[in-house]
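Down below is the structure, laid out as C-alpha cells.
The values are calculated or read from the model by the stated rules, or taken from the named source; none is laboratory data. The shown structure was predicted, so the numbers you read here are calculated from the model rather than taken from an experiment. FYI the Cβ positions are ideal-geometry reconstructions off the backbone, even for glycines, and counts take in every protein chain you see. Ligands, DNA and RNA are excluded from the accessible area calculation, which covers all protein heavy atoms including side chains. Shrake-Rupley method; radii C 1.70, N 1.55, O 1.52, S 1.80 Å.
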Amino acid sequence: MRIILRIVLTLLIAHPVMLLAGTDSLLSALKTEISRKDLYENGKQARIKTLKQLQHSLSRNNYGAQYDVSLKLYDEYKSYQYDSAYVYVNKLKDLSVSMNDMSRAYYSQIKLGFILLSSGMFKETFDCMNRVNPKLLNDSMKVEYYFIMYRCNSDLAKYNSDKYFTPDYIRKGNAYIDSAIMLSKPGSVDQIYYLGLKHVAANDNQSGSEELNKLIKPNAPISMHLRAMISCSLGQIYLNSNRQEEGVNLLIASAIADIKSSTKETVALFTLAEQLYKTGNIKDAYNFIQLAKADADFYGARQRKIQIGAILPLVAAEELNHSEKEKHTILMYLLAITGLASLVILFLIMIYKQLDKLKHKERIIEDQNLQLKDINYKLEEDAHIKEEYIGQFFKIISGYILKLEKLKMSVDTKLSIKKYDDIRQIINTLNIKKEREALYYSFDHIFLKIFPNFIPTFNSLFEEKDQIWPQEHEVLNTDLRIFALIRMGINDNETIAKILEYSVNTIYVYKMRIKAKSKNPEQFEQRIMDIKAVDSIA
C-alpha cells in the first residue's frame, strides 16, 4: 500500500494534470509524507555526515577540494538550517581568500546573500550583495547574482506593499530578472523559470503559468526543491486567478516536495494553512501552520516567523472554538447515547431475567430428562441382565433337576433291592466343587457377554503394577468376580460371601485392599458402577 502511495505522490508532483484529483485524497497523501518526515531528514543527515567525513580526510592546504566540499555542505544547509549554512559560507569566503580567487570570493558573497534573504534580513542582504563586483563573475555566477537581486527587490516590494517605494523595487527587480534571462542558456531550466517569474511579476498569469508548467512535466530535469518552488508559484497563480481547488492542490504538491527534500525555509505549508483556514478546514490549517512554525524556527527564518505569527493566533483561536464546538457536539451525542444505552440496558435486564427463568426451567427439564434417561438405561440393563442370567440359570437348574431325578431313581432302585453300598457309591459320584466351578464359569461368561469391556475398564482404575488380570485358564478370578457381582447390583458383603463361599470378613478385606490400590479410592465404587454394558442396551 505504501509503495502504491509513493507512486501516486510522485505523479502528483511531476504532472499538473494529476493535481485535479480530490483535495481530500491529496491532504491524506500529505499527512502520510509528514509522518515520514524523519526518514527524509535522516537521509539528509547521512549525506551531510558523509561530506563532513570527506572534508575531514582532505588536506587543509588542498584549498580547491576543501572549497568544493564546503560548497556542497552549504547547498545541503542553505534551505535546511541558516546557522550551519552561515558557517560554511564563511568557510567558502576564507578559502577564496586563501586561494586569492576574487571570483570565488564574490561567489561566496552571493551564497551569503541567499541565506540572508531566506532568513528575512533585507538590509543585510543588500549590504552583502552590494559588495559583489559582477564584472569579475562568470556568466553562471552572474545569473545567480542577478536572480538574488531580483528576489531581494521583489520580496521587499511584497513585504512593504507601499505606493511610494514599492514601484521602485519592482522596477529594479524587473531589470535584474531581465539580466538573468539574457545571460541564461536559451531553453534552459533557469531561463524558463525566470521567464515564468517575470510574467507573473508583470501580472501576466497566463503566460507565467504556461512557462512554469513546462518545468513540472514528468521528464523535466529539475531537483525536488525546485519542483517545490515551481508548484508553490503555480499554486499562488491559480489562487490569484480564482482557481481555488487547483491552487490548493498545487500547494499540497509543493509541501510534499518540500518534505521529501527536507526543506525548512518553505512557503508552501504556511500558504496552504492560510488557504485551508479561509475555507473552513480549521483542524488541518492549525496542524500545518504549527509545522510551518516549527520549520521556520528550525531554519531561523525571521520574516517567515513574523508572517506565521500574524495568522497563528487567529487559527489557534478558531481551532479552540472548533474544538469546543466538537466537544459540545460529542457531549450531546454522548448524552443521547447514554440515554439510549440506559434503555437498552433496562431492556436487556428484563430480557436477561426472563431468559434466566427459562434457563432455570430448561435445566430442571434437562435434569429430569437425564434422570429418566438414566433410569431407562438401568431398567434396560437390568432387563438384559435378567434375560441373560434367568435363561442360563433356568437351563442349569433344569439340568440339576434331571440329575436329581436320575439320582432319586437310582437310589430308589438300590433301596428296593437293598444294595446300600451302591447308594454310597452313587452319592460319592457327586462332585460339588466341580459343579460350583461350572456355575462360576457360566456366570463369568454371561457377565463378560453383557460387560465385554469390564476387565480393561476395571484395570484402567489402577496403576500398571496394581492391575488385576485373569490367568490364561481363568475367565474371571475371585477379585474380579467380587466387583463383577457389585456391578450386577449385589452390594451386600454377606450375599457375596455366600455366593463365593467365603466369610463376610474375607470379602470385606478383599474389597478394602483392592479399593486402596486404586488411583481414586473415593470414587472407585462409583467408577465400577459406571462401566457400561454392551451398546445394544444403550
Contact order relative to length of segment 172-281, as percent, for alpha carbon pairs under 8 angstrom and 6 or more apart: 17 percent
Take every Cα-Cα pair in segment 237-313 and report what % of them are more than 22 Å apart. 19 percent
Going residue by residue through segment 165-181, the Karplus relation 6.51 cos²θ - 1.76 cosθ + 1.60 with θ = phi - 60° gives ³J(HN,Hα) values, rounded to whole Hz and with x marking Gly or Pro, of 9, 4, x, 5, 5, 5, 4, 5, x, 4, 5, 5, 5, 4, 5, 5, 5
What is the angle, in °, between the Cα long axis of helix 504-517 and the longest principal axis of the Cα atoms in the chain? Nearest 10 is fine, range 0 to 90. 20 degrees
Would you check the accessible area of LEU448, probe 1.4 Å, heavy atoms only, in square angstrom rounded to 10? 40 Å²
What are the principal axis extents of the Cα atoms in segment 93-136, in Å, biggest first? 31, 20, 10
Nearest-ten-degree value, helix 37-57 long axis tilted from longest Cα axis of the chain: 60 degrees
Angle between the chain longest axis and helix 23-35 axis [Cα atoms, degrees, rounded to 10]: 80 degrees
As an exercise, use a Förster radius of 51 Å and the Cβ-Cβ distance of HIS328 and ILE364 to find the FRET efficiency, rounded to the nearest 0.05. 0.40
Descending semi-axes in whole angstrom, ellipsoid equivalent of segment 265-366, from the Cα gyration tensor: 57, 15, 9
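What whole-number value in Å² describes the accessible area per residue of segment 72-157 for a 1.4 Å probe? It would help to have the intermediate numbers written out before the result.
Working: 3470 Å² over 86 residues.
Dividing the accessible area of segment 72-157 by its residue count gives 40 Å².
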Which of (1) 1.58; (2) 0.98; (3) 1.11 is the computed Rg/Rh (Cα atoms, Kirkwood Rh) for the structure on display? (1)
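What area, in nm² and to one decimal, does the C-alpha convex hull of segment 28-121 cast on average over all directions? Please list the in-between numbers first.
Numbers: hull surface 27.9 nm².
Projected over every direction and averaged, the Cα hull of segment 28-121 covers 7.0 nm².
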As a quick test, which of the pairs LYS198/LYS264; LYS91/LYS163; LYS52/LYS260; LYS93/LYS214; LYS52/LYS214; LYS158/LYS214 have an alpha carbon distance above 29 angstrom in this structure? LYS91/LYS163; LYS93/LYS214; LYS52/LYS214
Name the residues whose placed amide hydrogens come within less than 5 Å of the amide hydrogen of SER119, ignoring near sequence neighbours (fewer than 5 apart) on the same chain. none
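Please work out the Cα convex hull volume for segment 437-507 and give it in Å³ per residue.
99 Å³
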Computed over the Cα atoms of segment 72-196, what is the convex hull's projected area averaged over all directions, in nm²? 7.9 nm²
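Can you work out the accessible area per residue across segment 169-243, with the rest of the protein chains kept in place, probe 1.4 Å, in square angstrom? Write out the running numbers ahead of the final one.
Numbers: 3780 Å² over 75 residues.
With the other protein chains kept in place, segment 169-243 gives 50 Å² per residue.
Given contacts defined as C-alpha pairs under 8 Å and at least six residues apart, what's the relative contact order of the chain, whole-number percent?
Values: 511 pairs, mean separation 56.0, N = 538.
Over the chain, the number comes to 10 percent.
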At GLN53 and VAL344, where each label point lies 7 Å from the Cα along Cα→Cβ, what is the point-to-point distance in nanometres? 5.9 nm
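Highest mean first, what order results for 100-113, 43-56 on Cβ atoms within 10 Å? Intermediate results must be reported in sequence, preceding the final value.
Values: 100-113: 20.4, 43-56: 13.0.
Going by the mean number of other Cβ atoms within 10 Å, highest first, we get 100-113, 43-56.
Rounded to the nearest percent, how much of the accessible area of segment 55-152 (1.4 Å probe, protein heavy atoms only) is carbon and sulfur?
Values: 2070 of 4430 Å².
Looking at segment 55-152 in its full context, I get 47 percent from C and S.
With runs of 4+ DSSP H residues as the only contributors, calculate the mean residue ellipticity of the chain at 222 nm using -39,500 (n - 2.57) per run, divided by the residue total and rounded to the nearest 500.
Numbers: 23 runs with 419 residues, N = 538.
Only helices count here, giving -26500 deg cm²/dmol.
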